[in-house]
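Step one of this worksheet: look at the structure below.
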Amino acid sequence: NAGVTQTPKFRVLKTGQSMTLLCAQDMNHEYMYWYRQDPGMGLRLIHYSVGEGTTAKGEVPDGYNVSRLKKQNFLLGLESAAPSQTSVYFCASSYSGRGEEKLFFGSGTQLSVL
Amino acid sequence: KNEVEQSPQNLTAQEGEFITINCSYSVGISALHWLQQHPGGGIVSLFMLSSGKKKHGRLIATINIQEKHSSLHITASHPRDSAVYICAVTGGSQGNLIFGKGTKLSVKP
């Protein structure tokens, strides 16, 4: 099993450009999450999904949109990238979303917005 | 004040040393996670615990619910243990994970 796969691994954007990050999991997990990781800060939740066709806002949702059209895929979109969105983005998934179970992470996407 | 505090922020050790990383939290929790992040790599879940102690190889994690404190111990440390170790708790009103800032461990040969 591949687990959680993120693409791309690296990307450089100019301010105002758009892009989509793809997260795919092959574990039949219901819950999927997008986090961002910035220097000196803990991981922060951007958006999450509790199942196919559902999305919800996390701690820092502004400037991002998400979609979960298929259970295995969770897409994170930046419509108009800003330098403040320079970060490392991690996707994660879990079976039921209860905090008492293991979380599986992707390998991360390093995004730079110039 | 951060809801999850880790100490130390940075730790350098010699190969073979016993290492302790601490995590304190201020919210009520149902579970605490220890995660490992290698340089340039993804994040791997090491432990999830809600009480007592868990052991996996040279790694031991303990939690004291009353004191709202957890420790991650590494026995006989090795350079391949060099990584950032992250503590996270399930707490707050939405039950989402709250992450600490991480402890960067460097083990010298």
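Just so it is clear, none of the values below were taken in a lab; they were calculated from the coordinates. In this text the structure is predicted, and so the values were computed from the model without any measurement. A quick note on method: Cβ atoms are made from the backbone with ideal geometry, for glycine too, and the neighbour counts reach across all protein chains shown.
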Task: Surface/4 estimate of mean projected area, convex hull on alpha-carbon atoms of the protein assembly as shown, nm² - done: 12.2
Task: Under-5 Å amide H pairs with B:A31, H placed in peptide plane, nonlocal only - done: B:T90
Open item on the list: For the protein assembly as shown, what is the number of Lys pairs with C-alpha distance below 16 angstrom, counting only pairs 8 or more positions apart or on separate chains?
Closed with: 5
TODO: Give a residue-ordered list of calculated ³J(HN,Hα) values for the stretch A:41-50 (Karplus: 6.51 cos²θ - 1.76 cosθ + 1.60, θ = phi - 60°; whole Hz; x for Gly, Pro).
DONE: 10, x, 4, 10, 7, 8, 8, 8, 9, 9
Open item on the list: So if I place +1 on the C-beta of Lys and Arg and -1 on the C-beta of Asp and Glu, and nothing else carries charge, what would the dipole magnitude of chain A be about its Cα centre? I want it in debye, nearest 20.
Closed with: 220
Open item on the list: I need the peptides A:20-32, B:64-76 ranked by packing, meaning the mean over residues of other C-beta atoms within 10 angstrom, with the highest value on top.
Closed with: A:20-32, B:64-76
Task: Reduced Cα scattering model of chain A, Debye log10 I(q)/I(0), q = 0.10, 0.11, 0.23 Å⁻¹ - done: -0.26, -0.31, -1.35
Open item on the list: For the ranges B:31-39, A:69-77, what's the packing order if you count other beta-carbon atoms within 10 Å of each residue, average per peptide, and put the highest first?
Closed with: B:31-39, A:69-77
TODO: Place a +1 charge on the Cβ of each Lys and Arg in the protein assembly as shown and a -1 charge on the Cβ of each Asp and Glu, then give the dipole magnitude about the Cα centre in debye, rounded to the nearest 20.
DONE: 240
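Local charge sum around B:A13 (other residues, Cβ-Cβ under 11 Å, Lys/Arg +1, Asp/Glu -1)?
-2
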Task: In sequence order, calculated HN-Hα J values of the stretch A:3-11 (Karplus, 6.51, -1.76, 1.60; Hz; x Gly/Pro) - done: x, 10, 10, 10, 9, x, 8, 9, 7
